[in-house]
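Undergrad: Here's a structure for you.
The values are calculated or read from the model by the stated rules, or taken from the named source; none is laboratory data. Computed from a prediction, not measured in an experiment: that's the story for all the values here. Note: ideal-geometry Cβ built from the backbone for every residue, glycine included; neighbour counts use all protein chains shown. Accessible surface is based on the protein model in full, side chains and every heavy atom, while ligands, DNA and RNA are left aside. Shrake-Rupley method; radii C 1.70, N 1.55, O 1.52, S 1.80 Å.
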Amino acid sequence: GFMTDAQCEYIRMEKNTGGAGGFHAGLSRAFTAGYEWFWLMDDDVEPFQDALGKLLSYQDRSGCIHGRRRNVDGTPVLWGYHFDPHTVTTTQICDLLFECNQEVQVVNVGCFEGMLIRRDVVAQIGFPKADLFICGDDTYYGYLASHVTPVLYVNVFSLRRKRSVETRESRLLRREIYKVGSLTQYYFQRNRFLIARSIGSHSFSFARASLVTLVKTMLWELMFFGSPKGALAALRGFIDGVKYFATNPACDRSSCGR
């Protein structure tokens, strides 16, 4: 069921399909309603008042636009990645904080904390992959969008996070490690195999990257967060991902990635 008023339509899902299922259902509903632009965001962020107008100033350059976010304490969120379809891994872009005074950076990933996407792009790539449940669904959706439009990351602060994210500083890796729950660790591992199957990745590079990713994740959970539960969740996700990969046929090349 749902209820509406002049500004908001609430849709109650019959079962928990995770963030991916929710974004799939919401975008499908909005697309059917005929809107031209769709601004996707989670419930733990809120937009700045002038953000949408600023983002739309780039609409002649892209059909998939991302602004910047601020943490609860006002600091910029570190975001911006390049997706490698051969290994199904991401690497950070060089200028995460726009320190080189760039106006725009081109990425090939997405983020559902603020993705602004145009109707014609959605018509070509479909809706978010609901069976991912949570984790990686927006990365993959941005990758699909990058095939039909430049995916832009623009130097405009558009959203503010309303809750803090726990991190640990790693001197060895020279980066911050984000703490996520065991559920996310499970789907992070499992979904890599679902995405790989969707885009036809089956190389030795993917297999090697999968093992490295698993070991690294388990070590992070044990060494930085002292969480055997998180490490075991990652291992279960890896095993289920391998089973999925082995029992589901590769996609048809004419529809790979869709």
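Undergrad: With respect to the numbered conditions (1) farther than 25 Å from residue 142 by Cα; (2) among the polar types (S, T, N, Q); (3) modelled with pLDDT of 90 or more, which one is the sole condition not fulfilled by residue 185?
TA: The number of the failed condition is (1).
Undergrad: Could you identify the single residue in 112, 127, 83, 98 that is more than 28 Å from residue 30 (Cβ to Cβ) and at pLDDT 95 or above? Step through it out loud before you land on a result.
TA: Details: 112 fails: more than 28 Å from residue 30 (Cβ to Cβ); 127 fails: more than 28 Å from residue 30 (Cβ to Cβ); 83 fails: more than 28 Å from residue 30 (Cβ to Cβ).
The conditions single out 98.
Undergrad: State all residues of the stretch 53-71 that are among the hydrophobic types (A, V, I, L, M, F, W, C) and within 20 Å of the chain's Cα centre (by Cα); if no residue qualifies, say none.
TA: 55, 64, 65 - these are the residues of the stretch 53-71 that are among the hydrophobic types (A, V, I, L, M, F, W, C) and within 20 Å of the chain's Cα centre (by Cα).
Undergrad: Please give the number of the condition residue 120 fails out of (1) open to solvent by less than 50 Å² (accessible area, probe 1.4 Å); (2) at pLDDT 95 or above.
TA: Against the list (1) open to solvent by less than 50 Å² (accessible area, probe 1.4 Å); (2) at pLDDT 95 or above, residue 120 comes up short only on (1).
Undergrad: Something else: Looking only at residues in the stretch 210-228 that are among the hydrophobic types (A, V, I, L, M, F, W, C), within 15 Å of residue 87 (Cβ to Cβ) and out of contact with any strand residue (DSSP E or B) (no Cβ under 9 Å at 6 or more places or on another chain), which one is least open to solvent (accessible area, probe 1.4 Å)?
TA: Here is the first cut: in the stretch 210-228, the ones among the hydrophobic types (A, V, I, L, M, F, W, C) are 211-212, 214-215, 218-220, 222-225.
Pick out the ones that are also within 15 Å of residue 87 (Cβ to Cβ) and you get 211-212, 214-215.
Still in the running and out of contact with any strand residue (DSSP E or B) (no Cβ under 9 Å at 6 or more places or on another chain): 211, 214-215.
Details: 211: 100, 214: 14, 215: 83 Å².
Ranking the qualifying residues of the stretch 210-228, first place goes to 214.
Undergrad: Those residues that are out of contact with any strand residue (DSSP E or B) (no Cβ under 9 Å at 6 or more places or on another chain) and open to solvent by 50 Å² or more (accessible area, probe 1.4 Å), I need them from the stretch 51-86; list them, please.
TA: Taking the stretch 51-86 as the starting set, the residues that turn out to be out of contact with any strand residue (DSSP E or B) (no Cβ under 9 Å at 6 or more places or on another chain) are 53, 60, 73, 75, 85-86.
53, 60, 73, 75, 86, listed by residue number.
Undergrad: Mind checking which residues of the stretch 23-49 are touching a strand residue (DSSP E or B) at 6+ places or on another chain (Cβ under 9 Å), more than 18 Å from residue 118 (Cα to Cα) and either assigned to a helix (DSSP H, G or I) or open to solvent by 60 Å² or more (accessible area, probe 1.4 Å) (or both)?
TA: Result: 46, 47, 48.
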